[in-house]
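Okay, so here's the structure we're looking at.
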Amino acid sequence: MRNRGLVVFLVTLAASVAIPGSSVGGEALEAEHYWPRWRGPLMTGVASHATPPVEWSETKNVRWKVEIPGKGSATPVVWDDRILVLTAVPTGARVEVPEPAEPRPDWQRNAVQNADEVQQYTVLALRRSDGTTLWKRVVRESPPHEGTHATGSWASASAVTDGEVVIASFGSQGLYALSMDGELLWENDLGDMTIKMAFGEGSSPALGKDRVFVQWDHEGESFLVALDRKTGDEVWRQSRDEGTSWASPLLVEHDGRTQVITSATNKVRSYDAETGDIVWETPGMTQNAIPTPVYQDGLVFLTSGFRGNALLAIKLAEAKGDISGSPAIAWSHDRDTPYVPSPLLYGNELYLLKDRKGLLSCFDARTGKLLYGPERITDVPNVYASPIGAAGRIYVAGREGTTAVIRRGPEFEVLATNVLEDGFDASPVAVDSELYLRGQRYLYRISE
């Protein structure tokens, strides 16, 4: 997704939903203490119980780092003592890729990885304390059916868990449910996607109490589907008039109803999670919708930023039917919005990165007032990862290996810039006193 790009954008893309608590060691543990999906326990990017370090380097506060086989830009998820990571591991077995019916321009040819090698689509579970592999499950071995962006991967969607089941999506290579010990419970093949420019897939599934939701937007027949959590059987499917998007669906509990909120180019829509019926809709985002929506205190925020800029704040209490031009639109903004990174909603503050750059803006989420920005984050020029919040700080990880730590609040202040020997497309993860950074080669645990 970059430059012309797009793809690892899929990286930043992710899962969503309301996750129930689990019982581990006899004590009830709530999901908000872990990082059960790629935008965190609250789907806002915030880990409210975490206190990760401010400073680190290869020789300071790195508890461990382990090399992850293959390539994947999926953000890890964490539950109890497990870190769950998705990756696509090349086998070395080559396959012949037919030439496209119409010749591609040089820029596109150079931007796409060909699907010319068999991959092992793999779920890894690592132990939090030392990074050792607890189990490895290859759910499928096959060549990709089409390419992906040169900066992307065939494992860009993040897993989601509720402490009992792990849902892992490899898009056109299948959706899989595993036990916490790696046992395959079910799988579902939703078909092959035809992605715009062959720039790769990236939308993460959302997990509810009894259903899994998948947003399947591509150049073919797009749809939103609900599957039974225990069996993988289809419960309902709604056709969508959409081309390719990479945003992940957001599950929101509001006024006794669970809504599945989707961001895309033609329309932003909310569906009833039980029936699939549309609750409300309004004209959509820009082209190449990638960022996942965030929600808090009755307000949903949606953003995008390719060939245009869009930010909508929607009041769910007033959202019903066609809400375009209605009071349900609390406020909007049309400058300096994200292309790839999803927004961070931290208390009453909404943080956005401009395009895919280290340029940060902060808004009052309730009123839309710009508090600052866009402010340049020194040494973090290129960003695919989404920012996260913890302990009154904001963490922004860059593609060149530098992570900036910024003070939360209405004034811009960089507390530290930390450099590691890797580059980061997956978003940071904060749990307890730990920060996890999944790089192009390594997974790091940062803790004092």
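Throughout, read-outs are computed from the coordinates displayed, never taken from laboratory work. Remember, it's a predicted structure, so these values are computed and weren't measured experimentally. Every residue, glycine among them, receives a Cβ derived from its backbone with ideal geometry; neighbour counts consider all protein chains shown.
What to note about this one:
- In region 107-148, the qualifying residues are those that are aliphatic (A, V, I, L, M) and in contact with a Phe, Trp or Tyr (Cβ under 6 Å, 6 or more places away or on another chain), and the one that is farthest from G200 (Cα to Cα) is A125.
- Pick from region 124-150, criterion in contact with a Gly (Cβ under 7 Å, 6 or more places away or on another chain) and β-branched (V, I, T), ranking: surrounded by the most Cβ atoms within 10 Å (Cβ to Cβ): T148
- Only one entry of A198, A111, A155 meets the criterion of being closer than 25 Å to Q215 by Cβ, in contact (Cβ under 8 Å) with a residue 60 or more places away in the chain and in contact with a Leu (Cβ under 7 Å, 6 or more places away or on another chain), and that entry is A155.
- Complete set of residues in region 157-173 that are surrounded by fewer than 22 Cβ atoms within 10 Å (Cβ to Cβ) and out of contact with any helix residue (DSSP H, G or I) (no Cβ under 8 Å at 6 or more places or on another chain): E164, V165, S172
- Within region 181-201, the set of residues being among the aromatic types (F, W, Y) and outside any loop (DSSP other than H, G, I, E, B) comprises just one member, W186.
- Matching entry among Y339, Y395, Y436, Y384 (being in contact with a Gly (Cβ under 6 Å, 6 or more places away or on another chain), under 23 Å from V294 (Cβ atoms) and in contact (Cβ under 8 Å) with a residue 60 or more places away in the chain): Y339
- Scan of region 271-303 for residues that are part of a loop (DSSP other than H, G, I, E, B) and touching a Leu at 6+ places or on another chain (Cβ under 9 Å), ordered by number: A273, G276, G284, M285, N288, A289, I290, P291, T292, P293, G298
- Hits in region 41-70 - residues which are out of contact with any Ser or Thr (no Cβ under 9 Å at 6 or more places or on another chain) and either buried (at least 22 other Cβ atoms within 10 Å of the Cβ) or of a type in the set (V, I, T) (or both): T44, V46, A47, V54, T59
- Listed by position, the strands (runs of 3 or more DSSP E) inside region 394-441 whose residues that are charged (D, E, K, R), under 17 Å from T378 (Cα atoms) and touching a Leu at 6+ places or on another chain (Cβ under 6 Å) number at least 1 are 402-407.
- The selection criterion, being out of contact with any helix residue (DSSP H, G or I) (no Cβ under 9 Å at 6 or more places or on another chain) and of a type in the set (A, V, I, L, M, F, W, C), does not hold for I290.
- Every residue from region 209-221 that is in contact (Cβ under 8 Å) with a residue 40 or more places away in the chain and surrounded by fewer than 22 Cβ atoms within 10 Å (Cβ to Cβ): K209, R211
- Only one of G409, G423 that is surrounded by fewer than 24 Cβ atoms within 10 Å (Cβ to Cβ), of a type outside the set (A, V, I, L, M, F, W, C) and on the phi > 0 side of the Ramachandran plot: G409
- The residues of region 194-226 that are of a type outside the set (F, W, Y) and over 16 Å from S172 (Cβ atoms), listed by number, are A206, L207, G208, K209, D210, R211, V212, L224, A226.
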